[in-house]
Structures are given as C-alpha cells and as structure tokens.
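Participant: This is the structure, below, for whatever I ask next.
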Amino acid sequence: MFKKLLVANRGEIAVRILRACRELGVETVAVYSDADRNALHVRYADEAYNIGPAPARESYLRIDKMIEVALRAKANAIHPGYGFLAENAQFARAVTAAGIVFVGPPASAIHAMGNKVEARRLALQVGAPVVPGVYDTLSDEAILAAANEIGYPVMIKAAAGGGGKGMRRVDSAQELPNALARAHSEALQAFGDDSVYIEKALTGVRHVEFQVLADNKGNVIHLGERECSLQRRHQKLVEEAPSVVVDEALRERMGNAAVKIAQAANYVNAGTLEFLVDRDSNFYFLEMNTRLQVEHPVTELVTGVDIVKEKIRIASGRPLSHRQENIIIRGWAIECRITAEDPFNNFMPSIGKIASLNEPTGPGVRLETGLYEGMEVSLFYDPLIAKLVVWGETRAAAIVRMRRALSEFNIMGVSTSIPFHQRIMESTNFMGGHFDTNFVQDKMVMAHGGMPEKERIAAIVGALLTHERRQTALTIPPTSGTNGSAWRRQGWRN
Ligand code: MV4
C-alpha cells in the first residue's frame, strides 16, 4: 500500500478520499487555493500546501503544481477526485512520468473514452446495444445524410464532450445546418476540438448508469446501477440505487454489457457506463466516465463496497476484494445534491458566509460535505456544497428517511436546493417511480413562494433560534461543579 497520497481536489470529495486514506493507514497531503485556506479538507489532511489563487485555472487545474507538491511531500500516489483534472489524460500521463501512481485508469483508457465516438465504436465491437447514430466524426454533408437515415429528432453531441455539455436536439432537417455550425463552434470553444457526432434523440427514457471496478489482473465486476434521470441542465439533482426500472434480469444484461465495454477499453480502476433505458426495457450505451462519480455513495450503501478504498487498493496493484457473485444489492439508497443555488430563482448561484449549520445525522443517514460554520461560499467553484445520502430497507423507507433528513438540514447564509429536494420527495410521480429524463424540466416548476409562507417563516425562525442558541452557548463558560448547567440554561433537556 502507498505510504502517502496527495488529493488533487477540494470540497466534499477531497474529505471523502482523505477519510478512505485514514482507514487504509495512508498518510495524506491536501492542496488548496487561497480561497480554501480554512477548508475542511485542509484541516483533515496530515499536510497541506497552497497551490495558488482562487480561480481553478490558477490552482486546482495546475498540473505542474500538483506534481511539484507531490514530489516535495514525497507522495507516492495522486487521487484526482472528480472534475478538475480527473479525466485529463495528459495529467494522468504527467503523474506517471513523474514516478507517481495515478489513482485512476491508465491515460490510454481516459483518452480512448474521452472520445465519445471511439467509445461508441468499442461498445459496438463487443455487441453492446448503442444509441442509434454515427460511428465516425463525419463532414456536415455526411451528418445530414445520416440524420435522414436515423430519423428526427436527433441529438448533436461534441465528440470531446460528455455529460450533456454541448449537446443539442434538432427536430428537422431544415434546422440541422445551423445547429451544426453552432455545435462546432461551441465544441471548439469548450473542448478545443470542433468534432461532433449525431445520435437519435430518444424520448421518454431513463438515464441509468453502471458502476464497474477493474483490477490490473484482468478482473472486471459491476456493482449494479444508479438511476440518474433527475437532472436539470445536465446537472444531476437526485440519484438512487437501484433503479425502479431495472429488474434482476435486466441488471444482469446491462451489467454484462458494462463489463464487456470496460474490458474492450483495457480499463483498470473504477468507471461508469452510462445508458438510456426506454419504456420497453431496451437499453442503449451512451458514454463512459473514467472517474469516481459524485453519486458513488448510493452504490456504496446498497452494496457495502467502499469504492474509494477499492480505487486506492487497485492503484496499488492489489486484486479486487470482491467477486461478482458476492455483490448483492440490499435495500435502497437515495442521494440529494445540495447546492448553493436558489431553486425559487431559476437555480441562480447563491454566495455568502455560512452563518449557521445544522447537519442531519441518525439512522441510515450519510452526509458528505465540506461545509462548516463561517465558510464563505463563492462563485469560484461548483455550487455543490453537500450530498445528503440515505439508506432504507425499501424505496419508500428511503424516501421517508430523506424527508426526515432534509427537514433536519438547516443552512443559514446562502440559498440552497433543499426546498427543491423536499418538493421532489413529496411528488407523487417520484414516489411512484414515474419519471424520465424530462421530469425536472416539465414537472418541477419552482415558482416564487412555492414553499408555503407559514412554513418558510417557521423554518427561518427555527434556524435563527438555533443560531442564537449556538452563539450564546459558545459565550457562556461551563460552570464548575454544576455539570451541564450551561446547557440547561439554554433550554436543553437532559
Ligand atoms: C441523450 C438523451 C436522449 N437521446 N442522448 C444527458 C447527459 C449525457 N450524459 C447524456 N444525456 C442524454 N443524452 C440521446 N441520444 C437524453 C439525455 C439525458 C437528458 C436529456 C435532456 C434532459 C435531461 C436528461 C437527463 C438525463 C439524460
């Protein structure tokens, strides 16, 4: 096992990785920007190094800085987390060239799967069902011809993109030339590569992804699926495992396809295969993500596999700790992504100081967060501030538990997506499992005053009282000899 590992990330995922290292007995190195001097990940790590100014370009995206710090601190491995440099093949290559182990797939696999057309070809080669579309980056004329073959609506996607970035739907041949021109220029702008491809736009489908683990001995297993249909502008909002549309037979077929595609890519470490599932339970491969995903905890909760530890073990050359036949899906897990955004105002990013914080705990509740009282939420980074994840014996139990946990979560100082999640958890469609990829856009209108005024005021008053209680409790010194009296004075029942 590694002696020391550097986490090239920030926020909740940096904390998550540091925790895994602690359990594995691996020493840790954190890196931080000027904006993150007091961050939780900095306090949690054994050592921490400043890598530059707040903008990610000048800190968390600096390949040279990451390697410089790793060498200086004598770290044997670098874990990239998600986002930032996680799917940058050049970073993986540079890390390896510096004699440091990259906790992730080989640069060649990142590179291959980074090209979404190549990923489609690999899936086609192993006989996995793929969304109907093209398998080459074609000229605009050839794309136009292909679109007529496939039939409208079609989806234009950037070959170097992924995750819906630069994706656009086109409903007719007349719109295609214009849409292609825009797609090319957006792709060039966003990914430095203007190549695009088209697929049939599938409607009324669900977005289901499979987690795979592969070691460097040739073992590849899957950990079942995650349902990820609830997204807004291609940002996932709620994920769950398992998916209500996947039964044991479909899980086996999709899992086999996922494993085969990973094998075809000579994949090593943790990866995710994205699929669409239609109303007739047909599934189609979309793309592969070669990183640890934000929503990995729901899989951890239903399988009992610690994916982050497993990633580190695999990178250190160990074989997988689990065999496919020992992976059993137990119960149900749901994750709500809590963002600093105002759901009543078109999810406008919200900034400010976290004035007070009450975090949900208790049975079946797991909170992944980098939040602390006094933290400044800025516009420099992603608005994700916490992931609230619950487990229950059944889906209904998990929903009830999520409602309970959301009601305990009190964040003062910034607007958050919590009211939106409460609305989802109360939606009869969500409760019944009736939703697809258009659900959020079509059914979740969050008009101002969407939360009943009485409840809104009650929530604010509750939070203010909690805040006041905290402030007072902190300023009253404990009285010697009268154990707990300071607390009783604050109205706490012992
Ligand atoms: C699609 C699709 C329908 N047809 N591709 C979005 C994220 C990215 N990984 C793939 N995504 C999709 N690709 C084809 N050919 C539907 C989605 C999709 C989606 C689309 C619109 C609104 C919400 C969505 C949520 C999940 C997936």
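The values are calculated or read from the model by the stated rules, or taken from the named source; none is laboratory data. None of these values were measured; they are calculated from a predicted model. Backbone-built Cβ (ideal geometry, glycine too); neighbour counts: all protein chains shown. The area values use the complete protein model at the heavy-atom level, side chains included, leaving out ligands, DNA and RNA. Shrake-Rupley method; radii C 1.70, N 1.55, O 1.52, S 1.80 Å.
Participant: Given the condition within 16 Å of the ligand (Cβ to nearest atom), assigned by TED's automatic domain parsing to the domain that holds P319 and acidic (D, E), answer yes or no: does some residue in the stretch 224-233 qualify?
Facilitator: Yes, the conditions are met somewhere in the stretch 224-233.
Participant: Here is a further query. If you scan the stretch 55-65, which residues turn out to be open to solvent by less than 40 Å² (accessible area, probe 1.4 Å) and either without any contact (Cβ under 8 Å) to a residue 40 or more places away in the chain or over 22 Å from the mean Cα position of the chain (by Cα) (or both)?
Facilitator: S59, I63
Participant: Scan the stretch 144-161 residue by residue and report those that are within 10 Å of the ligand (Cβ to nearest atom), at pLDDT 95 or above and within 24 Å of the chain's Cα centre (by Cα).
Facilitator: Listed by number, the residues that qualify are M155, I156, K157.
Participant: Of the conditions (1) open to solvent by 40 Å² or more (accessible area, probe 1.4 Å); (2) in contact (Cβ under 8 Å) with a residue 24 or more places away in the chain; (3) not small (G, A, S), N50 fails just one. Which one is it?
Facilitator: In the conditions (1) open to solvent by 40 Å² or more (accessible area, probe 1.4 Å); (2) in contact (Cβ under 8 Å) with a residue 24 or more places away in the chain; (3) not small (G, A, S), N50 misses (2) alone.
Participant: In the stretch 125-134, what residues are of a type outside the set (A, V, I, L, M) and away from the ligand (no atom under 14 Å from the Cβ)? Can you show your working first?
Facilitator: Of all residues in the stretch 125-134, those of a type outside the set (A, V, I, L, M) come to 125, 127, 129, 132-133.
Within the stretch 125-134, Q125, G127 qualify.
Participant: Same structure again: Within the stretch 43-70, how many residues are part of a helix (DSSP H, G or I) and over 17 Å from S378 (Cα atoms)?
Facilitator: Selection size over the stretch 43-70: 10.
Participant: Could I ask something else about it? Condition first: free of Cβ contacts under 8 Å to residues at least 40 places away in the same chain, out of contact with any Phe, Trp or Tyr (no Cβ under 7 Å at 6 or more places or on another chain) and not hydrophobic (A, V, I, L, M, F, W, C). Can you find one or more residues in the stretch 288-295 that meet it?
Facilitator: No, that holds for no residue.
Participant: Residues in the stretch 379-392 that are open to solvent by 30 Å² or more (accessible area, probe 1.4 Å) and either under 11 Å from A333 (Cβ atoms) or touching a helix residue (DSSP H, G or I) at 6+ places or on another chain (Cβ under 6 Å) (or both): how many?
Facilitator: Here the count works out to 2.
Participant: Of all residues in the stretch 162-219 being of a type outside the set (D, E, K, R), touching a Gly at 6+ places or on another chain (Cβ under 8 Å) and open to solvent by 20 Å² or more (accessible area, probe 1.4 Å), which is nearest to the ligand (Cβ to nearest atom)?
Facilitator: Filtering first and then ranking leaves M167.
Participant: Can you pull out the residues in the stretch 237-253 that are out of contact with any Gly (no Cβ under 9 Å at 6 or more places or on another chain) and within 16 Å of the ligand (Cβ to nearest atom)?
Facilitator: Hits for the stretch 237-253 are L237, V238, E239, E240.
Participant: Of these, V298, V277, V268, which one is open to solvent by 20 Å² or more (accessible area, probe 1.4 Å), touching a strand residue (DSSP E or B) at 6+ places or on another chain (Cβ under 6 Å) and not small (G, A, S)?
Facilitator: It is V268.
Participant: In the stretch 395-418, what residues are not hydroxyl-bearing (S, T, Y) and not in a helix (DSSP H, G or I)?
Facilitator: Within the stretch 395-418, F409, N410, I411, M412, G413, V414 qualify.
Participant: Within the stretch 396-414, identify whether any single residue is open to solvent by 50 Å² or more (accessible area, probe 1.4 Å) and in contact with a Gly (Cβ under 6 Å, 6 or more places away or on another chain), and answer yes or no.
Facilitator: Yes, the stretch 396-414 contains a residue that is open to solvent by 50 Å² or more (accessible area, probe 1.4 Å) and in contact with a Gly (Cβ under 6 Å, 6 or more places away or on another chain).
Participant: For the stretch 361-382, check the following and say yes or no: at least one residue is more than 17 Å from L40 (Cβ to Cβ) and either of a type in the set (V, I, T) or in a strand (DSSP E or B) (or both).
Facilitator: Yes, there is a match, as at least one residue in the stretch 361-382 is more than 17 Å from L40 (Cβ to Cβ) and either of a type in the set (V, I, T) or in a strand (DSSP E or B) (or both).
Participant: Being open to solvent by 20 Å² or more (accessible area, probe 1.4 Å) and part of a strand (DSSP E or B) is the filter here; which residues of the stretch 143-156 pass it?
Facilitator: If the condition is that a residue be open to solvent by 20 Å² or more (accessible area, probe 1.4 Å) and part of a strand (DSSP E or B), then M155 is the only one that fits.
Participant: For the stretch 409-450, name all the residues that are in contact with an Asp or Glu (Cβ under 8 Å, 6 or more places away or on another chain) and either modelled with pLDDT under 95 or within 15 Å of T369 (Cβ to Cβ) (or both). Write out each step before concluding.
Facilitator: Keep residues of the stretch 409-450 that are in contact with an Asp or Glu (Cβ under 8 Å, 6 or more places away or on another chain), which gives 409, 415-417.
Passing the criteria: F409, T416, S417.
Participant: Would you tally the residues in the stretch 419-446 being away from the ligand (no atom under 16 Å from the Cβ) and assigned to a helix (DSSP H, G or I)?
Facilitator: Of the residues in the stretch 419-446, 8 are away from the ligand (no atom under 16 Å from the Cβ) and assigned to a helix (DSSP H, G or I).
Participant: Residues in the stretch 295-322 that are farther than 25 Å from L122 by Cα, outside any helix (DSSP H, G or I) and hydrophobic (A, V, I, L, M, F, W, C): how many?
Facilitator: Residues that pass the stated criteria total 1.
Participant: Filter the stretch 157-187 for residues that are of a type outside the set (D, E), assigned to a helix (DSSP H, G or I) and in contact with a strand residue (DSSP E or B) (Cβ under 8 Å, 6 or more places away or on another chain) and give the result.
Facilitator: Correct list: L176, A179, L180, R182, A183, H184, A187.
Participant: For the stretch 243-264, state whether one or more residues are open to solvent by 10 Å² or more (accessible area, probe 1.4 Å) and in contact with a Leu (Cβ under 6 Å, 6 or more places away or on another chain).
Facilitator: Scanning the stretch 243-264, I find at least one residue that is open to solvent by 10 Å² or more (accessible area, probe 1.4 Å) and in contact with a Leu (Cβ under 6 Å, 6 or more places away or on another chain), so the answer is yes.
Participant: Right, L122: away from the ligand (no atom under 15 Å from the Cβ), modelled with pLDDT of 95 or more, open to solvent by 30 Å² or more (accessible area, probe 1.4 Å) and not in a loop (DSSP other than H, G, I, E, B) or not?
Facilitator: no
Participant: Next up: Is there a residue in the stretch 103-117 that is in a strand (DSSP E or B), without any contact (Cβ under 8 Å) to a residue 60 or more places away in the chain and within 16 Å of the ligand (Cβ to nearest atom)?
Facilitator: No: zero hits.
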